[in-house]
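S.K.: This structure is in C-alpha cells; I'll ask about it shortly.
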C-alpha cells in the first residue's frame, strides 16, 4: 500500500488516502449503526492525567461511548473497497 500511494497513476477508483484504513476503521461501523440498536451509552468525558490514567471530570462534556461495534459492517466496507480495485 505504501508503494501504491507513492504512484501518480490510479489503477482503481479509490482515493489514495482511503487505502490506509482498509479493514481497520471502527468509525465506519459506528456511522453505519443506528441509535435504536442500543450499542452505546453517554457519560461525562474524563480528564487524562499525565500518566495517561482517566480521571473523573464531573464538569466535562457528555460523550458517546460505544459498548460494541458491528465488525461485519467494517469488513463489508473493506470488501466493497477491494472490489472496486478488481475491475
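S.K.: Fully extended, how many nm does the chain gain between residue 36 and residue 71 (0.36 nm per residue separation, minus their Cα-Cα distance)?
M.R.: 10.8 nm
S.K.: Roughly speaking, what is the stretch gain from residue 64 to residue 83, that is 0.36 nm per residue apart minus the C-alpha to C-alpha distance, in nm to one decimal?
M.R.: The span from residue 64 to residue 83 would gain 3.6 nm if fully extended.
S.K.: Over the alpha-carbon set of the range 27-68, work out the extent along each principal axis and list the three values in angstrom, largest first.
M.R.: Taking max minus min along each principal axis of the Cα atoms, the range 27-68 gives 34, 19, 12 Å.
S.K.: Same structure, new question: If you take the beta carbon distance between residue 48 and residue 27 as r and set R0 to 35 Å, what does 1/(1 + (r/R0)^6) give as a FRET efficiency, to the nearest 0.05?
M.R.: 0.95
Read-outs: derived from the displayed coordinates by stated rules, not from any lab. Computed from a predicted model, the values in this text were never measured in an experiment. Note that we place each Cβ from the backbone using ideal geometry, even for glycine, and neighbour counts take in every protein chain shown.
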